[in-house]
Amino acid sequence: MGRGRAYRRGAGARGGKRSGGSGSGERHGEYTTFEQRSPKFEAYYRGQGIVPDEEWDTFIESMRTPLPTTFRITSGKPTARQLLDAMNKIYLPFLSNVQFEGEKVTPPRQLEWYPEGLGWHLDVRKNVLRKSPEFKRFQQFLVHETEVGSISRQEAVSMLPPLFLDVRPEHLVLDLCAAPGSKTAQLIEAIHSPLTSSPDAFDPMPLGVVVANDSDTKRAHMLVHQAQRLPSPSLCVTNVDASNMANIQVAWKGEQPSDPICQRELKYDRVLADVPCSGDATLRKNLSIWKDWTPMNGTGLHALQLRILIRGLMLLRPGGRLVYSTCSLNPIENEAVVAAALRHFQGDVTVFDASSMLPALKRRPGMTSWKVAPGRGAHLFSASSKTEKEKTADSDAQPPVHTQPEQHNEQDQQAEQDRPETTTPLPRIPWIDSWDALEAVDADLASRTPKSLWPQGDEETLHLERCIRVYPHMQNTGGFFVCVLEKKPKTPEESASMAPGMSRAMDAITKDLLAAEQDESSANGNKDYHNTNNAPGAGSVNDHANATETSTRTKRPSEESEHEAKRVKPDAPKEAAQDGQDSQDSQNASSNPSKVPDVVPVDKHRADREAKRRGNSDAPIGAGGMPYREDPFVYVHPMNPEIQSCVQWFGLHNFPVANLLVRNPERVPLRSVYLTSNTVRAIVAGGGPGAGVHPTLNPLKIRLLNCGVKVFGRQESVSKSTQAPNAMAVNGDAALRRENVSSTLACRWRVVSDSLYSMRPYLHDKIVLKATLSDLAFFIREYYPVLEKIPGSVGEFLRGAEMGSYVLDIQPSEHDGHKLSVALSYPVWRSMASANLMLDKQEKSALSFRLFDTDLSDPDGQRQFSANPQQRKQNKEKSESGDNVKQRDPLGSDSKENVIATADDLAKAQANVANPQSNVDQ
């Protein structure tokens, strides 16, 4: 068996899902070398028999080869069709006959199993990408489009779980372990534009919701940035322990007009449980696992994975679907977890046969038998040897390769004799046949080991063969495990999606409240709406719903019990346990070892949490007993003067004005206004009265970090003579002139470019400028051109228009031989003497290359983009605020730093940037 040699920088973190390393497998620091060989890994998995013996050499060699680059085009954006055309008509012909150092280079190809041809595979060495002019140009295209969110760099097998989940626009979707967010982005795309690349299929306000959760606060904030690749009013980002995610109450109304509004426990239509795992299927990119791998990596995570899976199934509605996935090869983390969960639900949950889904994907069935090595130590070999002797004679005489020695034949023995003397023998693995056998040899270890690690003999009855295993040597991918589970339907009401009823409840509440406000205004005169403590969707939603609230109301976080559960990170805080029947189920399950692990470690961090709680009495207590310091989520009253100025200026029609939200204790629009869907509003505004500055309880129970999409930003317009490099660094006279100019604005708010996917259907034609591709080329080329220089009908319109925010609708047209086949929309700000396309420098550059194959905004026509997310954030803020100081990009197009970064890498870098929604209105 051959050996590989790997090169890495420094010492990387261990694991897959929770790995801190980059997706490319590189590490920072000095280069070191080590062998891509782990005797423990080889002995363990040969013993498990995960692949046939005749495939083992091919399998292990594939694990030692670099992982190809894979990416997918973001669906639901108008850029999707443009990028598909660019790939098929420009880059594929351009790269098909490239030679490097005398060898032909393989061009990119589509992933045959990914819908609509949106997934792509590129198996090219990095030195080719950097030195070949053709591939260097393609590399810059990928990096640039990834930065602006039109392309997502994602490992091929990581794209599978959302596809097997079969998400539809009306589904309530929960992603339990969402960070860094590549799969979450797929889920968002699915509810807006299910499995299509056509811009016409984009639904700006679907009934469905994606609740993306992660227990780590930094990773959860990273998730917020990743999700902004496709801004959505139907997204919530939460920060709780997935294994203890609390039940929440939401308002719900039946189909009949006479049906009352009641409170119901939220159940999801789809749940994704891509759980923390050992990550040993990612050896092709996480090279440090070769050195660090032990069987204990997977055994120690089994209990946590099972708790997360059981909690996810509890939150799933009858008739719903859950996908459990890991980037691990270990059956202890895969089939053993699924089998234990199926036994827990006693027939209410089954494994769905997904063999007809994605037929082009090569896969292997799940395992129905496996071995368990629960610990290490010489004493465990006594139990292992005793068992082997009972099964076969002369077990101790076997060679040191302990890979199911009872199955060795003459060919195996001959192969062992022919092994070169320089090859290190594989170590013995202390397989233990049962939990009882473990207890006999090590009672202390047995008390800490779940019984669910071992097969129980019912694995074929549970149809574990319907699970899906993907191995690297089958289609040149990473390894992966997927299992699709379905919950059996019950009554028609329980088995139906809750989203329509939640939306009906919000519509009814808004209608009733506005009618009541109108009657009160008629009786008492005009009412002051500047302070919106009683805004629809805030406390008043709950006041209305509480009149018909059912007796199944949830407890406060302080009243809820906590699971004494094992943690992956020893310093991770505990989260609130579920209440009601789920808590009772968990307690019963804990006392029944056939259902869940009988492991109840001591909570070593309760004292720390209590100390933090006492030291932060000013902050309300959220899930897990920890202070919740987020700014409040408050829905603004529709009659608020600032909101009404936006309604009138933009001519909003059929627009859900009651769903506009702000993030500040004053509860009024200050700098930013966000839009959510009705179903998100039902979640945010539910749960009853909140605590502190938080008007409702649900955000505290699920530790809500972010929701909705920013639609309006406050624009303080000034003349060119009073502009300053820093808007805050102006003297008193300049500030006064700035305020005088701003006071003349009919509406001080501009529509944000990221929100146009959701906002465009609601905008009136009076602020929409019909333009051509030539007009767009002019605005890309010119930065704040004076009104007299703007050509054509667009210039004529702007010269006669008031100062304010407008939208440029680019119609299908041609310019200098370049053809636009789909309509595009971008925001424009008309100031006193000039106008500007409200896109940051990087987005302008990507747009220009996409349409004109050059950057019209740069004199040299070179790409302009920054790998520094903080710099890009500052540039974007400067562009949108009208700052006329031109920023030089720190990275030129020829920089060696311009490597293809994964979406996960970009998100990890962005984790250091503050949450854009939090504190933005202060």
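Overview of values
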| read-out | value |
| --- | --- |
| Unique match (being surrounded by fewer than 24 Cβ atoms within 10 Å (Cβ to Cβ), at pLDDT below 90 and β-branched (V, I, T)) among V647, V741 | V741 |
| Check on V668, among the aliphatic types (A, V, I, L, M), assigned to a strand (DSSP E or B) and closer than 28 Å to V828 by Cα | no |
| Among (1) of a type outside the set (S, T, N, Q); (2) open to solvent by less than 10 Å² (accessible area, probe 1.4 Å); (3) farther than 30 Å from T65 by Cα, the one test that E255 misses | (2) |
| Filter result for the condition that a residue is assigned to a loop (DSSP other than H, G, I, E, B), at pLDDT 90 or above, open to solvent by 40 Å² or more (accessible area, probe 1.4 Å) and within 30 Å of V647 (Cβ to Cβ), over E802, E796 | E802 |
| Residues being open to solvent by less than 40 Å² (accessible area, probe 1.4 Å) and not in a strand (DSSP E or B) - total across the range 805-840 | 7 |
| Out of V124, V128, sole residue that is among the β-branched types (V, I, T), open to solvent by less than 80 Å² (accessible area, probe 1.4 Å) and either part of a loop (DSSP other than H, G, I, E, B) or farther than 27 Å from G478 by Cα (or both) | V124 |
| Residue within the range 138-161 that is within 30 Å of A281 (Cα to Cα), in contact with a strand residue (DSSP E or B) (Cβ under 7 Å, 6 or more places away or on another chain) and open to solvent by 10 Å² or more (accessible area, probe 1.4 Å) present | yes |
| Qualifying residue in the range 265-285 (condition: among the β-branched types (V, I, T), open to solvent by 20 Å² or more (accessible area, probe 1.4 Å), touching a helix residue (DSSP H, G or I) at 6+ places or on another chain (Cβ under 7 Å) and not in a helix (DSSP H, G or I)) | no |
| Residue match in the range 427-443 (condition: of a type outside the set (D, E, K, R), loosely packed, with under 12 Cβ neighbours inside 10 Å, assigned to a helix (DSSP H, G or I) and at pLDDT 85 or above) | yes |
| Filter result (closer than 25 Å to E716 by Cβ, of a type in the set (D, E, K, R) and surrounded by 12 or more Cβ atoms within 10 Å (Cβ to Cβ)) within the range 780-793 | E782 |
| Inter-residue pairs, beta-carbon under 9 Å, first without any contact (Cβ under 8 Å) to a residue 12 or more places away in the chain and farther than 17 Å from N286 by Cβ and in the range 49-70, second hydrophobic (A, V, I, L, M, F, W, C) and surrounded by fewer than 15 Cβ atoms within 10 Å (Cβ to Cβ), 6+ apart | W56/M1 |
| The range 702-716, residues that are of a type in the set (D, E, K, R), under 24 Å from the mean Cα position of the chain (by Cα) and assigned to a strand (DSSP E or B) | K710 |
| Cβ pairs under 7 Å, 6+ apart, first in the range 88-107 and free of Cβ contacts under 8 Å to residues at least 12 places away in the same chain and within 15 Å of K126 (Cα to Cα), second surrounded by 13 or more Cβ atoms within 10 Å (Cβ to Cβ) and not polar (S, T, N, Q) | Q99/V105 |
| Residues of the range 286-319 satisfying the condition of being assigned to a helix (DSSP H, G or I) and either under 22 Å from the mean Cα position of the chain (by Cα) or of a type in the set (D, E) (or both) | D292, L304, Q305, L306, R307, I308, L309, I310, R311, G312, L313, M314 |
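Here is a yes/no grid of residues against (1) of a type in the set (F, W, Y); (2) at pLDDT 90 or above:
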| residue | (1), (2) |
| --- | --- |
| T70 | no, yes |
| K77 | no, no |
| R81 | no, no |
| I90 | no, no |
| V98 | no, no |
| Q110 | no, yes |
| Y114 | yes, yes |
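The values are calculated or read from the model by the stated rules, or taken from the named source; none is laboratory data. Note that the structure is a prediction, hence the values are computed from the model and not measured. Don't worry about glycine lacking a Cβ; one is built from the backbone with ideal geometry, like all the others, and counts go over all protein chains shown. Quick note on the areas: whole protein, heavy atoms, side chains included, nothing else; ligands and nucleic acids left out. Shrake-Rupley method; radii C 1.70, N 1.55, O 1.52, S 1.80 Å.
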